[in-house]
């Protein structure tokens with residue numbers, strides 16, 4: 001099927017409804033026992049250090065180079081278990097008090113399941129810290145969440161995570177829990193949940209339990225990425241679908257605060273391999289991947305026709321901070337958060 005460019009489409013197939021269940025209750029119980037902390041406190045003691053303008057192999061043949069980029073540390077570059085996917089930021093939140101990027105990673109297990117994690121990275125200090133996203137259980141324990149986590153966005157304290165076949169999972173960053181405040185031994189990294197009165201999270205110090213769920217009303221649409229546009233009069237949530245060799249993937253706007261139902265508008269993008277999308281200042285930005293050795297592209301729609309701009313290898317989700325468009329790259333030893341002009 002040939003690419004045709006963005007075109008309006010029916011909104012009804014993408015409708016979502018709330019499915020909170022006992023998620024909020026379980027998260028509140030954990031917060032009461034463990035004690036919550038904040039993003040600023042987490043960043044103040046972050047245990048990893050990014051490298052400014054490191055891992056330049058991620059840029060491939062891109063010219064001009066990004067205005068700025070930050071590489072994850074050597075261990076996170078080299079791991080074959082974890083892959084960055086989503087990216088959001090403090091400015092997208094409109095309430096986090098410090099500059100921060102939040103990247104989601106999915107686990108590609110060799111054995112077992114470790115779920116999904118997010119990295120909080122300070123562009124001021126280059127320090128960053130991982131936190132595990134978990135599902136609270138009625139018995140006061142919790143477990144890993146086995147999804148791709150292809151996109152993330154923050155509205156206030158609410159972290160939206162794309163769940164490919166189901167919709168959007170929601171995590172409240174006011175429930176960012178520090179296991180060390182409960183006098184826990186972080187252990188050998190092999191257990192998760194409550195064991196013998198202690199909390200474990202595969203060795204992670206921080207967890208964020210899921211508090212809400214917006215599920216699609218009918219099967220079919222895939223939620224591959226998510227972002228927020230704060231440049232319009234009404235802030236908007238953006239969701240969309242990756243398709244490998246088919247330009248029929250969709251993207252949609254939803255008014256914030258998010259309340260489910262149908263989106264305010266939806267489009268077929270007309271391009272395959274779109275890993276992330278956002279809108280800003282009346283323009284659409286689409287992040288198009290190629291493969292693990294070939295540069296991707298940034299497609300910019302401002303007048304109905306796309307302008308193609310250079311992009312690194314393996315570009316994923318999109319977000320806007322400090323007047324720049326930011327993305328994250330996924331491939332081993334080529335993992336960076338980078339920013340380009342809007």
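The values are calculated or read from the model by the stated rules, or taken from the named source; none is laboratory data. Quantities reported herein were computed from a predicted structural model and do not represent experimental measurements. Every residue, glycine among them, receives a Cβ derived from its backbone with ideal geometry; neighbour counts consider all protein chains shown.
For the range 159-172, how many residues meet the condition of being part of a strand (DSSP E or B), over 10 Å from residue 88 (Cβ atoms) and in contact (Cβ under 8 Å) with a residue 60 or more places away in the chain? Spell out the reasoning first.
Quick first cut of the range 159-172, residues part of a strand (DSSP E or B) only: 159-163, 167-172.
Add one more test, that the residue is over 10 Å from residue 88 (Cβ atoms), and what stays is 162-163, 167-172.
Next cut, in contact (Cβ under 8 Å) with a residue 60 or more places away in the chain only: 162-163, 167-168, 172.
Total satisfying the criteria: 5.
Against the test of being more than 24 Å from residue 210 (Cβ to Cβ), free of Cβ contacts under 8 Å to residues at least 60 places away in the same chain and exposed (fewer than 14 other Cβ atoms within 10 Å of the Cβ), the options 75, 80 yield a single qualifying residue, 75. Taken over the range 49-68, the residue count meeting the criterion of being in contact with a helix residue (DSSP H, G or I) (Cβ under 7 Å, 6 or more places away or on another chain) and farther than 19 Å from residue 314 by Cα is 0. Return the residue satisfying two criteria in turn: it lies in the range 215-229 and is within 16 Å of the chain's Cα centre (by Cα) and closer than 15 Å to residue 147 by Cβ, and of such residues it is surrounded by the fewest Cβ atoms within 10 Å (Cβ to Cβ). Per the stated criteria, the residue is 222.
Given the criteria out of contact with any helix residue (DSSP H, G or I) (no Cβ under 6 Å at 6 or more places or on another chain), over 19 Å from residue 84 (Cβ atoms), touching a residue at least 12 places away in the same chain (Cβ under 8 Å) and buried (at least 20 other Cβ atoms within 10 Å of the Cβ), does residue 339 qualify?
Against the criterion (out of contact with any helix residue (DSSP H, G or I) (no Cβ under 6 Å at 6 or more places or on another chain), over 19 Å from residue 84 (Cβ atoms), touching a residue at least 12 places away in the same chain (Cβ under 8 Å) and buried (at least 20 other Cβ atoms within 10 Å of the Cβ)), residue 339 does not qualify.
Restricting the range 259-308 to residues that are at positive phi and more than 21 Å from the chain's Cα centre (by Cα) leaves a set whose member that is surrounded by the most Cβ atoms within 10 Å (Cβ to Cβ) is 270. When residue 336 is tested against (1) closer than 25 Å to residue 8 by Cα; (2) in contact with a strand residue (DSSP E or B) (Cβ under 7 Å, 6 or more places away or on another chain), only condition (1) is not met. When restricted to residues that are modelled with pLDDT under 90 and surrounded by 17 or more Cβ atoms within 10 Å (Cβ to Cβ), the range 124-143 contains 1. Being assigned to a strand (DSSP E or B), surrounded by fewer than 20 Cβ atoms within 10 Å (Cβ to Cβ) and over 16 Å from the mean Cα position of the chain (by Cα) is a property that residue 180 lacks.
Are any of the residues in the range 268-278 in a strand (DSSP E or B), more than 22 Å from residue 341 (Cα to Cα) and modelled with pLDDT of 95 or more? The answer is yes; a qualifying residue exists.
Out of the residues in the range 160-191 that are touching a helix residue (DSSP H, G or I) at 6+ places or on another chain (Cβ under 6 Å) and modelled with pLDDT under 90, state the one that is farthest from residue 115 (Cα to Cα). Steps first, please.
Our first condition is that a residue be touching a helix residue (DSSP H, G or I) at 6+ places or on another chain (Cβ under 6 Å); within the range 160-191, this holds for 175, 177, 182.
Subset that is modelled with pLDDT under 90: 175, 182.
Values: 175: 18, 182: 22 Å.
Out of the qualifying residues, it is 182.
Looking at the range 220-227, can you tell me whether even one residue there is assigned to a loop (DSSP other than H, G, I, E, B), closer than 19 Å to residue 102 by Cβ, in contact (Cβ under 8 Å) with a residue 60 or more places away in the chain and in contact with a helix residue (DSSP H, G or I) (Cβ under 8 Å, 6 or more places away or on another chain)? No - not one qualifying residue is present in the range 220-227. Being closer than 24 Å to residue 97 by Cβ, exposed (fewer than 13 other Cβ atoms within 10 Å of the Cβ) and in contact (Cβ under 8 Å) with a residue 60 or more places away in the chain holds for only one residue in 45, 63, and it is 45.
Just the residues that are surrounded by fewer than 24 Cβ atoms within 10 Å (Cβ to Cβ) and at negative phi, please, taken from the range 149-162.
In the first step, residues of the range 149-162 are kept if they are surrounded by fewer than 24 Cβ atoms within 10 Å (Cβ to Cβ); the result is 155-158.
The answer is 155, 157, 158.
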